[in-house]
Structures are given as structure tokens and as C-alpha cells.
1. Among all residue pairs at least 6 apart or on different chains, which show Cβ distances below 6 Å where the first residue, located in the stretch 364-389, is in contact (Cβ under 8 Å) with a residue 60 or more places away in the chain and within 15 Å of Ile305 (Cβ to Cβ) and the second is more than 15 Å from the ligand (Cβ to nearest atom) and not in a loop (DSSP other than H, G, I, E, B)?
2. Just checking, how many residues over the stretch 166-182 are away from the ligand (no atom under 13 Å from the Cβ), assigned to a helix (DSSP H, G or I) and of a type outside the set (Ser, Thr, Tyr)?
3. Filter the stretch 56-90 down to residues that are touching a residue at least 40 places away in the same chain (Cβ under 8 Å) and over 12 Å from Gly108 (Cα atoms), then give me how many there are.
4. Take Ile497 and decide whether it is in a helix (DSSP H, G or I) and in contact (Cβ under 8 Å) with a residue 40 or more places away in the chain.
5. Between a residue in the stretch 176-195 that is within 22 Å of Lys237 (Cβ to Cβ) and any residue that is near the ligand (Cβ under 10 Å from one of its atoms) and basic (Lys, Arg), which pairs come within a Cβ distance under 9 Å, given they are 6 or more apart or on different chains?
6. Of all residues in the stretch 353-385, which are away from the ligand (no atom under 16 Å from the Cβ) and either closer than 14 Å to Val144 by Cβ or of a type outside the set (A, V, I, L, M, F, W, C) (or both)?
7. Of the conditions (1) in contact with a helix residue (DSSP H, G or I) (Cβ under 7 Å, 6 or more places away or on another chain); (2) modelled with pLDDT of 90 or more, Phe79 fails just one. Which one is it?
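The values are calculated or read from the model by the stated rules, or taken from the named source; none is laboratory data. Just so we're clear, the structure is a prediction, and the values are computed from it rather than from any experiment. Neighbour counts run over all protein chains shown; Cβ positions are idealised from the backbone, glycine included.
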Amino acid sequence: ASKTQFISTMPVGEDNVSSVKRQLTQLFEISLRETVPGEPDIVPLVDSCSEKSGVKHGDYQCNNAMVLWAKIKGKQTGFRGPPAVGQAIMKNLPPSELIESCSVAGPGFVNVVLSKNWIAQSLHRMLIDGIDTWAPRLPLKRAVVDFSSPNIAKEMHVGHLRSTIIGDTLARMLEFSHVEVLRRNHVGDWGTQFGMLIEFLFEKFPNPEEVNEAAIGDLQVFYKASKLRFDSDSEFKQRAQQAVVRLQGGEIRYRKAWKQICEISRTEFHRVYDRLGVQLEEKGESFYNPIIPSVLEELGNKGLIEESEGARVIFVDGVKIPLIVVKSDGGYNYASTDLAALWYRLNEEKAEWIIYVTDVGQQQHFDMVFKAAKRAGWLLADDSLYPKATHVGFGLVLGEDGKRFRTRNTEVVRLVDLLDEAKNRSKTAVLERDAAKDWPEEEVDKTSEAVGYGAVKYADLKNNRLSNYTFNFDQMLNDKGNTAVYLLYAHARICSIIRKSGKDIEQVKRNGKLVLDHDGERALGLHLVQFSEVVEQACTNLLPSTLCEYLYDLSDIFTKKFYSNCQVIGSAEETSRLLLCEATATVMRKCFYLLGIEPVYKI
Ligand code: ARG
């Protein structure tokens with residue numbers, strides 16, 4: 001019995017409980033060592049059985065038998081075929097309170113049915129100790145998530161909105177998983193456009209005291225006007241080009257103007273971040289500028305840099321064109337900055353995983369930067385090991401017409417306007433609800449924001465990030481279907497069941513007992529205890545959609561399997577079922593949190 005105890009409650013961290021999948025994997029690991037002592041490298045392949053695949057023989061499955069058979073069949077092991085290997089794996093499983101029963105199916109799949117008492121106990125323990133005890137542990141300490149990263153004075157477009165939403169969720173999931181995350185806003189605050197902007201600023205405001213947001217107005221309009229001037233007046237163009245040199249040389253007047261422009265842009269960006277509740281620390285391109293020469297020197301010393309058509313370049317495997325690191329005019333570019341930033345993140349910030357969230361259009365750029373870093377020995381060739389760098393690409397945001405998303409009159413979509421519209425539309429819907437009739441203004445506002453911004457975020461996150469998605473207010477604000485509105489209301493409904501019971505849920509947690517006798521209760525309980533491994537999977541694959549899918553299934557299972565079959569209030573099982581409601585609401589709230597969505601408690 002003491003062995004069983006040890007295995008099933010093996011701690012991963014202080015208060016951490018490891019996921020069901022991890023615990024089963026450990027059990028199968030022990031079994032495999034026993035079953036085939038001659039094959040110590042066999043890694044257990046354990047997975048949950050998906051509901052969608054039809055017949056379910058169990059809750060989890062160990063899929064090693066077939067592959068293992070292929071490996072050992074010539075050797076003297078005494079087994080005759082994969083089913084026998086499966087039988088042996090099953091027989092050698094150490095006893096554990098997790099497992100109710102096992103069986104072998106087909107060509108040796110070992111099916112595991114979890115103990116419903118164990119599931120119930122795990123849920124109850126989580127309710128008492130808090131959901132953070134379910135946080136996964138990833139094998140790294142620190143990560144950089146480089147996201148949002150708009151360009152100063154140029155537009156912050158829907159692509160940057162996607163990057164902001166996806167990056168924030170990834171950062172939240174990693175943070176929850178005990179990884180220290182450096183949330184980096186790699187803003188484009190350096191480059192030739194500043195020469196033009198600064199000269200134009202000097203022309204418009206000979207007195208620098210007069211420069212402020214109100215006077216300049218929309219920076220994008222300002223940018224366009226300066227570009228027009230640049231393209232049509234060669235004398236201005238010359239001055240602008242000199243201005244770049246003077247700025248980079250550090251001339252005070254130019255630095256000051258540059259700072260003023262960056263500051264105005266920053267204020268604009270922050271209006272979007274504040275609305276979305278996103279935290280970011282800016283380290284823009286300019287930050288890395290001073291270290292570019294020494295980083296390139298290191299790469300040069302390693303023999304990576306070559307001369308090509310007047311430029312200095314790095315060739316990498318599998319790509320014909322080289323990565324240009326010094327332009328033919330001697331200037332640095334996007335790639336030189338990214339190499340310097342990568343060096344800094346690895347060596348100064350000691351990050352083990354560096355994650356870049358941009359549209360898929362930049363995939364080749366990052367592919368080349370990473371390959372150059374591998375040639376330099378900064379990163380390992382094997383991407384399953386840390387330190388590593390990963391590009392998280394995403395598709396386009398499309399309008400109703402299937403083309404790049406734009407609004408009617410302006411060419412680009414102003415993100416602040418977009419978020420305002422989401423809020424206003426959801427406010428209209430909130431006000432139409434009877435229940436909201438006597439809500440104070442403030443509550444209506446808070447709910448509309450939670451629902452409106454939540455809808456925009458969820459519509460983005462629920463898709464596989466690599467695919468394009470169509471931006472559609474009506475769809476994302478629909479209260480039926482796979483939307484944030486539906487999910488937020490599902491959560492509020494669960495909270496109202498608990499409220500209506502009139503019970504003090506904290507007291508129920510202390511004194512009540514959780515049992516999962518009904519099939520609906522068990523199905524819900526099983527899905528709940530899988531939370532940790534789903535978050536872990538979403539982190540490992542950098543796919544927020546995995547978590548969205550889990551959340552949607554959770555609310556589906558709650559409604560269709562549990563709530564429609566199991567009466568809560570007034571039933572003999574009321575106490576236990578209230579605990580199950582509370583566990584569901586708790587897990588839902590954590591999902592919302594990880595997706596950057598504010599929960600609502602009332603509808
Ligand atoms: N500023 C770039 C853009 O707007 C994104 C920067 C992404 N990060 C990086 N380290 N290159 O496309």
C-alpha cells in the first residue's frame with residue numbers, strides 16, 4: 001500500500017499535483033521497465049481516449065505494444081505478438097488508487113478506466129487547496145515572449161491585435177505553469193522612417209515645446225503626410241536621409257524629436273493594451289542597436305559572415321537567398337537587430353525559450369535567424385531541447401468579403417474603434433436582457449466590456465492560429481455557439497445555481513463529500529481533472545486553441561451530460577453536486593483568465 005501511495009501522490013513541486021496523464025505515464029514507465037528490461041529507452045505513450053473517436057474502452061490508453069513488438073520480435077523475449085506484449089504491460093502495472101480497471105484491446109492497447117473515487121477526491125482537494133495546485137510544471141525557468149511589437153508611427157493593425165491577443169495568452173499559460181515570462185514589446189522604433197518623420201516634425205513645429213499628441217493628431221496621418229513630402233521633394237528627401245545619420249550619431253536635437261514621436265505612439269498603443277488588460281515591457285529595436293557591432297563581430301569570428309553584392313550576409317541551410325546583416329550602404333536592418341536581440345535574450349536575460357508571435361509572413365525571416373543562431377552554436381540543432389527559439393505564426397484577419405480586413409472609409413482599422421464597437425454592441429445586448437434592467441450603470445459597463453473584449457479575443461484564439469479567420473461582430477457576439485458570450489453566460493448560470501441553493505459554498509467544501517455515481521457526474525469530473533494536461537499541451541505546442549476547445553467541451557459536458565440529467569438543488573445529492581458545480585466554475589474561470597477574458601457572474 002505504501003508503494004501505491006507514493007506513486008499516485010508523487011509531488012512535482014511544493015504543492016503541485018501532477019496531471020493524470022503524467023501520473024499514468026509514471027505507472028506505465030515502471031511497467032515497461034519490468035516488462036522489457038532489455039529496452040530501457042522505451043518511452044511510455046499514454047494518451048486520453050477521445051470521446052470523438054467513437055467507442056471508448058477506457059479513459060486513457062497506453063499505445064506502446066505495437067511499436068515495442070516491432071522492436072523486440074527477433075529477440076528472445078518469449079512474447080508472441082503485440083496483444084501478449086499489451087497483456088504483460090497491463091499485468092506489470094503497479095497497483096494504484098488512480099485506476100479502477102484495465103483491459104487490453106485490439107493489437108495490444110492497454111485501456112485504463114480511472115477510479116471515480118480518485119477523481120472525486122482530486123476535485124475536492126483542488127477545491128480546498130486551490131486550482132493553482134493543478135498548474136503544470138514545464139522543464140524551464142524563464143522564457144521571452146516577443147509579441148504585439150507594432151511599429152512607431154506606422155499603423156497598429158489587426159495583425160498586431162492578433163499578436164497581442166495570442167502572445168498574451170501564451171504568456172499567461174506559461175506564467176501559470178511556473179515559467180518566468182519576459183513579456184517583450186519589440187516595437188519598431190528605429191530605422192530610416194525616422195529621418196523623414198523628424199524633418200517633417202521640425203518643419204511643422206519649429207518650436208519643440210509645441211509638440212504633443214493634440215498638436216500632432218493622428219500619427220498615422222502625420223506619417224502619411226511626411227511620406228508624401230519625402231516622395232515629392234528631393235531636397236527634403238536629402239535632409240531626411242541626413243537626419244537618419246544625425247539621429248544615429250546621437251545628435252541631441254534629433255534624439256529629442258525621436259523620443260517625442262515614440263512617446264506619442266506609445267500613448268496610442270497603450271490605449272489598446274489598457275482596454276485588453278495586456279501587460280508588456282517595451283524593449284524596442286533601438287535598445288539592441290548598440291550591441292549589434294559586437295554581435296556581428298562574434299558571428300564574423302566564427303566565420304559565418306560573407307560578402308555578397310556589397311552587403312554582408314549569412315547563408316543558411318535550405319534557403320537560397322542569404323540573411324543580410326549589413327546592408328550595402330553600411331546600415332543595419334531588421335535581421336541584424338533580431339540577431340542582436342536573440343543574443344541578448346540568451347546571454348543577458350538567460351531565457352531558455354524565446355517565442356516570437358508574428359504573422360506567418362515572417363516565417364522565413366525567423367527560420368533564417370534561428371538557423372544562423374544554430375550555425376553560431378547559440379541554439380541547439382535539436383528543437384526538443386532548451387534553449388530554443390520558436391516562431392509562433394498566425395494567419396490573416398479577413399473581412400466579410402474574404403479580403404484583408406478593412407473598414408469602409410479608412411484603409412486601416414483603428415483598433416481602439418474596433419474594441420469600442422465590440423463593447424457598444426455587447427452593451428446593447430446586455431441592456432435588452434430583463435435581468436439587467438435594474439443593474440447600476442457601472443455593472444452594465446463592466447459586463448459589456450468583459451463580454452465585448454472577451455468576444456474579440458475568443459474569436460481569435462479559438463481557431464488554429466495558422467489559419468486565416470473572418471472578423472464578424474454578429475458571429476462573435478452571438479450568445480449561442482462557440483463564442484465567449486455563450487461561455488461567459490454558461491459560467492454565470494453555474495454561479496447562479498450555487499447562489500440559488502442558498503448554501504455557503506466554503507462550508508460545503510469543508511463538510512461536504514463529492515461523489516460521482518451518475519454517468520453525467522463522472523464524465524464531468526473526468527473532464528475537469530484533465531485541465532492540467534490540457535494547459536501543458538497548449539503550452540508545449542503554443543496553441544491557445546487547445547485550451548478554447550477544452551473550455552467549450554467543458555461547458556458542453558456540464559450542460560448536456562450533467563445538468564440536464566442530474567438535478568442539483570433539492571436533490572439528495574445536492575451537496576456533492578454543488579461541489580461539482582463549484583469545481584466547474586473554478587476551472588472555467590481559470591480558463592478565462594488564461595485566455596485573458598474577464599468572467600461575469602450574473603446575467
Ligand atoms: N515590428 C514587427 C512588425 O510589425 C514585428 C516584430 C516582431 N519581433 C521581432 N523580434 N522581430 O511586423
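1. If the second residue must be more than 15 Å from the ligand (Cβ to nearest atom) and not in a loop (DSSP other than H, G, I, E, B), the pairs left are Ala372/Ile314; Ala376/Leu299.
2. Step one: filter the stretch 166-182 for residues away from the ligand (no atom under 13 Å from the Cβ), giving 168-181.
Those left that are additionally assigned to a helix (DSSP H, G or I): 168-176.
The next check asks that each one be of a type outside the set (Ser, Thr, Tyr); those that pass are 168, 170-176.
Of the residues in the stretch 166-182, 8 are away from the ligand (no atom under 13 Å from the Cβ), assigned to a helix (DSSP H, G or I) and of a type outside the set (Ser, Thr, Tyr).
3. 5
4. The answer is yes for Ile497.
5. As it stands, the answer is Gly188/Lys154; Gln193/Lys154, since those pairs meet every condition given.
6. Kept after step one, since they are away from the ligand (no atom under 16 Å from the Cβ), are these residues of the stretch 353-385: 374-377, 380-385.
Passing the criteria: Lys374, Arg375, Gly377, Asp382, Asp383, Ser384.
7. (2)
Results for (1) in contact (Cβ under 8 Å) with a residue 12 or more places away in the chain; (2) among the small types (Gly, Ala, Ser); (3) touching a strand residue (DSSP E or B) at 6+ places or on another chain (Cβ under 9 Å), shown as yes or no for each residue.
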residue	(1), (2), (3)
Glu432	no, no, no
Val444	yes, no, no
Asn463	yes, no, yes
Gln475	yes, no, no
Ala484	yes, yes, no
Val515	yes, no, no
Leu526	yes, no, yes
Ala538	yes, yes, no
